[in-house]
Every structure is written in structure tokens, then in C-alpha cells.
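Colleague: The structure follows.
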Amino acid sequence: MSILKETAERNSTAAGPVVTVDTDAIPVPDRFGWWGDMVGQEVMSVTIRSTHAPRFRGLAQSVRLPHTEVGTFTYSPMKAWRSPAQVRRDNREEYFLVLVGSGTAIRLEQERGVACLDAGGIALFSSSYPLTCEFTDRGGPCRTTQVRLPRTVLPLAGGRADRLLAEPLSTRSGSGALLVPYLTGLTEAVRHCGPAELARLGAVGVDLAASLLAAHLGDTDRLPAETRQATLLARVNAFIDHHLADPELRPQAIAAHHHISVRTLHQLFRSEPESVGATIRRRRLERCRADLTAPGPPRPSIGAIALRWGFRHPADFSRAFRNAYGVPPSEVRADAVSALDAKKDRTLG
């Protein structure tokens with residue numbers, strides 16, 4: 001059994017597909033050794049050292065997905081080495097993309113590459129070569145998130161990804177800009193997902209990672225059509241989320257921005273649970289509902305909220321809201337205000 005799963009079950013900290021373990025549940029003298037064992041089992045065999053070993057603290061969250069895994073780690077500063085002997089003894093032929101969290105700096109060396117990363121930086125490393133990592137805090141614990149990419153899953157032939165080991169990868173645009181929020185938001189996003197949605201989210205992660213690496217290699221055209229299509233869909237979804245407030249957000253505008261035809265856009269959504277138009281409407285309604293139930297003051301009018309999220313006419317908004325939620329927006333707001341007043345009364349009492 002996985003050391004993460006075993007410890008989580010013993011301490012009752014598994015929540016759906018997310019497994020969480022905390023060194024606070026481990027006796028203090030055993031914490032650093034336990035963390036080293038956990039890294040060896042869940043990532044790869046390494047030797048770790050830390051001046052914080054006597055008072056080491058660490059938190060690990062793991063999301064198991066078909067063909068991949070995303071782990072988020074918070075821990076005291078440390079160094080890690082992977083020797084040639086460890087590679088020979090334990091080579092699972094896997095890549096890892098590591099994203100540096102806030103308050104953290106990493107120096108990663110592997111093969112001929114050296115990556116010095118600050119918060120927001122991302123780089124690739126592999127289980128198939130020796131490596132050296134130094135994790136430094138910048139005013140708080142170290143935080144990293146990483147996605148596991150088995151060689152058999154990554155659609156880059158001939159081990160071409162090896163050329164990118166320990167090289168800083170851009171996350172300012174393209175697939176990198178999409179991969180960062182995917183990694184940072186996945187733990188919360190999957191807590192109530194079923195198997196089918198988990199499989200879909202796992203495939204999205206692999207496709208985004210493959211597209212990021214292929215772009216840096218100049219191999220984007222060699223990616224399978226399915227990977228290119230999934231990446232395009234992720235870009236479209238991100239574009240929709242960023243432009244929900246624009247009343248002109250329509251399939252024609254989305255297609256033009258991504259240099260595709262409207263027909264291609266609609267074909268892209270055929271495998272999705274809803275059409276592109278329904279997706280826009282649902283997400284706008286979700287934002288409106290969140291605003292209606294947000295604590296105030298100030299509390300914008302229902303009409304102002306509708307306009308804020310791209311609904312031109314309040315009557316159209318009210319009709320769409322009732323169809324989606326079974327009640328008018330005024331009732332949702334009234335219930336939210338009543339609940340807040342009741343909470344205040346209990347606090348004062």
C-alpha cells in the first residue's frame with residue numbers, strides 16, 4: 001500500500017480522490033525519516049539532508065488520476081540527491097514537471113541543465129538520471145507542486161524531452177499559462193469528482209504538459225491530433241472564463257480569437273457535456289449566483305450583477321436563472337441575507 005494512502009487512512013485525512021498526510025501526525029523524532037521514505041516511494045529514491053531535520057515539518061497532498069498524479073508539498077528547507085546507484089536500483093522511467101510555489105526558490109541540476117527557479121517557475125526532471133535539488137525558503141515553508149508523466153504516456157518520441165531537463169520553462173503564455181492554474185487548482189477541483197471526470201481531468205493535465213514541452217522543443221506539429229485538440233479546448237475554456245463579463249462573448253468571437261472556424265469550435269465541444277453557448281451561460285449564472293450570496297455591504301442590485309456578468313437585459317437573466325436553479329434571483333438573495341442576519345444574531349447572542 002502507498003505510504004501516503006496508508007498514513008492517510010490511519011489518520012482519517014483522505015477526502016475523495018485527494019489523499020493528505022501531515023508530519024504532525026508522526027512522532028517528532030521520526031518525521032524527517034518518514035518524509036524521506038514518503039518521497040522515495042511516491043516520487044523516486046533520493047537522499048535528503050536538512051538543517052531543520054530535528055524540527056522538520058511537511059504536508060503532502062496527492063491526487064491520483066489515470067496515467068498521472070499531481071502532488072502538492074509544503075515542507076521545511078532541504079537538499080536532495082539522486083545517485084547513479086539509486087537510478088540503477090529504482091528507475092521508473094518517469095518525468096516530473098515541478099512548479100515552484102510562493103516563498104520558495106529551487107536550484108535543480110540534472111544532466112547538463114541547471115535551473116534556478118523562483119515562485120511561479122517550472123522545470124522538468126526525470127527519474128532516469130542523477131540529480132541534485134536544493135529547496136530554499138523565502139520567508140516561509142517551501143511549496144512545490146508537481147505532475148508525474150510516465151514516458152509511456154508522454155507523446156514525445158525518442159526521449160526528446162530529455163533535452164529539456166533542468167531547463168526553466170516559460171509559463172507566461174500558451175500551454176504554460178494554462179498548466180499553472182491547472183496544477184494549483186486541481187486539489188480543490190477534484191474533491192467531488194466522479195471517475196469519468198477524474199479521467200478527463202487527468203488527460204487534460206497530460207495534454208497540457210505535453211504541449212508545453214513540445215512548444216519548447218519545436219515539436220508541436222508532431223503531437224497527436226487528440227493532444228492538440230485537448231490543448232485547444234483548454235485554451236478556449238480559459239478564454240471564456242476571462243471574458244464572461246463581455247456581452248459580446250459569442251462563438252463567433254471565440255472562434256476568431258483562436259483562428260478557427262465557428263464550425264470547428266462547435267465540433268470541439270461535441271465531446272463536452274454542453275455546447276459552447278450553454279457553457280458561457282452556465283458560467284455566467286454561476287458568477288451571478290456567487291455575487292448574490294456574497295456577504296455585504298455593499299450589495300449591488302440584481303440588475304447590476306446581471307450586467308456585470310454579460311447579461312444585457314435583466315429579464316433575460318431572471319428567466320435563465322430560474323430555469324437553471326428553480327427559483328428567481330431575488331429569492332436566492334433574500335435567503336442569503338436572512339442566513340447572514342441569523343448568523344450575526346447568534347454571534348451577538
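The values are calculated or read from the model by the stated rules, or taken from the named source; none is laboratory data. Quantities reported herein were computed from a predicted structural model and do not represent experimental measurements. Every residue, glycine as well, gets a Cβ built from its backbone with ideal geometry; the counts of neighbours run over all protein chains shown. In case anyone asks, the SASA skips ligands and DNA or RNA and just uses the protein heavy atoms, side chains included. Shrake-Rupley method; radii C 1.70, N 1.55, O 1.52, S 1.80 Å.
Colleague: In the list 166, 214, 203, which residue meets the criterion of being surrounded by 17 or more Cβ atoms within 10 Å (Cβ to Cβ) and touching a Gly at 6+ places or on another chain (Cβ under 8 Å)? Please lay out each step first, then the result.
Modeller: Numbers: 214 fails: touching a Gly at 6+ places or on another chain (Cβ under 8 Å); 203 fails: touching a Gly at 6+ places or on another chain (Cβ under 8 Å).
Step by step, each of 166, 214, 203 is checked, and only 166 is surrounded by 17 or more Cβ atoms within 10 Å (Cβ to Cβ) and touching a Gly at 6+ places or on another chain (Cβ under 8 Å).
Colleague: Related question: Keeping to segment 127-139, report how many residues are in a strand (DSSP E or B) and more than 20 Å from residue 101 (Cα to Cα).
Modeller: So the answer is 1.
Colleague: I'm checking my understanding of the structure. Among residues of segment 293-323 that are touching a Phe, Trp or Tyr at 6+ places or on another chain (Cβ under 9 Å) and among the aliphatic types (A, V, I, L, M), which one is surrounded by the most Cβ atoms within 10 Å (Cβ to Cβ)?
Modeller: 306
Colleague: Criterion first (under 18 Å from residue 161 (Cβ atoms), open to solvent by less than 60 Å² (accessible area, probe 1.4 Å) and either touching a His at 6+ places or on another chain (Cβ under 7 Å) or not acidic (Asp, Glu) (or both)) does residue 68 satisfy it?
Modeller: Taking the combined requirement at face value, the residue satisfies it.
Colleague: Kindly list, by first and then second residue, each pair from a residue in segment 237-254 that is closer than 18 Å to residue 204 by Cβ to a residue that is charged (D, E, K, R) and surrounded by 14 or more Cβ atoms within 10 Å (Cβ to Cβ), limited to pairs with Cβ atoms under 8 Å and residues at least 6 apart or on different chains.
Modeller: Hits for this filter: 240/283; 241/283.
Colleague: For segment 23-63, which positions are over 22 Å from residue 83 (Cβ atoms), open to solvent by 20 Å² or more (accessible area, probe 1.4 Å) and not in a loop (DSSP other than H, G, I, E, B)?
Modeller: 24, 25, 28, 29, 30, 31, 54, 55, 59, 61, listed by residue number.
Colleague: Which pairs do you get when a residue that is closer than 21 Å to residue 173 by Cβ, found in segment 98-127, comes within reach of a residue that is β-branched (Val, Ile, Thr) and in a loop (DSSP other than H, G, I, E, B), reach meaning Cβ atoms under 6 angstrom, with the pair 6+ apart or on two chains?
Modeller: Listed by first residue and then by second, the contacts come to 122/171.
Colleague: May I ask you to verify whether residue 188 is free of Cβ contacts under 8 Å to residues at least 12 places away in the same chain, more than 20 Å from residue 236 (Cα to Cα) and among the charged types (D, E, K, R)?
Modeller: yes
Colleague: What pairs come out if I take residues in segment 264-293 that are closer than 12 Å to residue 329 by Cβ and among the hydroxyl-bearing types (Ser, Thr, Tyr) and pair them with residues that are in a loop (DSSP other than H, G, I, E, B) and open to solvent by 70 Å² or more (accessible area, probe 1.4 Å) whose C-beta lies under 8 Å away, six or more apart or interchain?
Modeller: none
Colleague: Of 233, 340, which residue is closer than 26 Å to residue 173 by Cβ and either modelled with pLDDT under 95 or in contact with a Ser or Thr (Cβ under 7 Å, 6 or more places away or on another chain) (or both)?
Modeller: Exactly one residue qualifies, and that residue is 233.
Colleague: Same structure again: Scan segment 108-133 residue by residue and report those that are over 23 Å from the mean Cα position of the chain (by Cα) and open to solvent by 60 Å² or more (accessible area, probe 1.4 Å).
Modeller: 109, 111, 112, 114
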